[in-house]
Amino acid sequence: MFFAELCWLRRTPQQLPASEALFVVVLLADLLVGGLVGVSAGVAWWPSLLQALAEIALTLAALYVGLSAVRHARRFLQTATALLGAGALLGLLALVPLGLQPTGSRETELAALGALLFLALVIWSLVVTGHILRHAFVIGLGQGVAIALAFELFAVALIGALFGGG
């Protein structure tokens, strides 16, 4: 329930316990959900898991470097847990619009609705990430969203380059 409230911007990452066990649980959940999202998008299971793992590793490395640079490394565990937990929950929600995609080459109104829902979810995901980052780095929500957007564009380009655009 905490991660749902976090995604509604009602909770903050510092309200999470600094628990390595919880971190591992949400890391595994985010990895599994990332694999499911990839499969739902048409990528084979193994490459989906590898892409999800690469994105998680990139996110955690960037977060640690960023927090260390501003001398807030002690916030890493809670912030990483919040990012991964919110990512897993939002990834589960992404399965709905991904499931609305047509199986043939015919575009349908349902597919258009799915694309619109997916776009809304991506935008909300950036807001949630910005919310988490604003509390971790003590910055404004707009700054957090801008960092989230820049990072997401970088991550998509890097993961695409590493895995052949898939």
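Summing charges over neighbours of L49, with a neighbour being any other residue whose Cβ is under 13 Å away from its Cβ, gives -2 when K and R count +1 and D and E count -1. Averaged over its residues, the stretch 6-158 has an accessible area of 55 Å² per residue, based on protein heavy atoms and a 1.4 Å probe.
Local charge for G38 was computed over the other residues whose Cβ lies under 14 Å away, with Lys and Arg +1 and Asp and Glu -1, and equals -2. Counting protein heavy atoms only, the chain has 71 percent of its accessible area on carbon and sulfur, 1.4 angstrom probe.
Taking only the Cα atoms of the stretch 46-134, the ratio Rg/Rh comes out at 1.09, with Rh defined as the Kirkwood radius. Calculated from the alpha-carbon coordinates, the stretch 37-91 shows an Rg and a Dmax of 13.4, 41 Å respectively. Relative contact order for the chain: 27 percent, from Cα pairs under 8 Å spaced at least 6 residues apart, divided by residue count. Calculated mean residue ellipticity at 222 nm for the chain: -26500 deg cm²/dmol, from DSSP H runs with n ≥ 4 weighted as -39500 (n - 2.57), summed, divided by the residue count and rounded to 500. Reducing the stretch 29-49 and the stretch 53-98 to their Cα centroids gives an inter-centroid distance of 17 Å. This model, with +1 at the C-beta of Lys and Arg and -1 at the C-beta of Asp and Glu, gives the chain a dipole about its Cα centre of some 480 debye. Enter the angle in degrees (range 0 to 90, nearest 10) between the Cα long axis of helix 141-162 and the first principal axis of the Cα atoms of the chain, meaning the one along which they spread out most. Roughly 50 degrees, rounded to the nearest 10. Using heavy atoms of the protein chains and a probe of 1.4 Å, the accessible area assigned to L119 is about 100 Å². Gyration tensor over the Cα atoms of the chain: the corresponding equivalent ellipsoid has semi-axes (square roots of 5 times the eigenvalues, largest first) of 27, 17, 15 Å.
Against the chain, whose longest principal axis comes from its Cα atoms, helix 45-69 is set at around 30 degrees.
The values are calculated or read from the model by the stated rules, or taken from the named source; none is laboratory data. Predicted, not measured: the structure shown is a model, and the values here were computed from it. Cβ: placed from backbone, ideal geometry, glycine included. Neighbour counts: every protein chain shown. The protein model used for the area step is the full one, side chains on, heavy atoms only, and it has no ligands, DNA or RNA in it. Shrake-Rupley method; radii C 1.70, N 1.55, O 1.52, S 1.80 Å.
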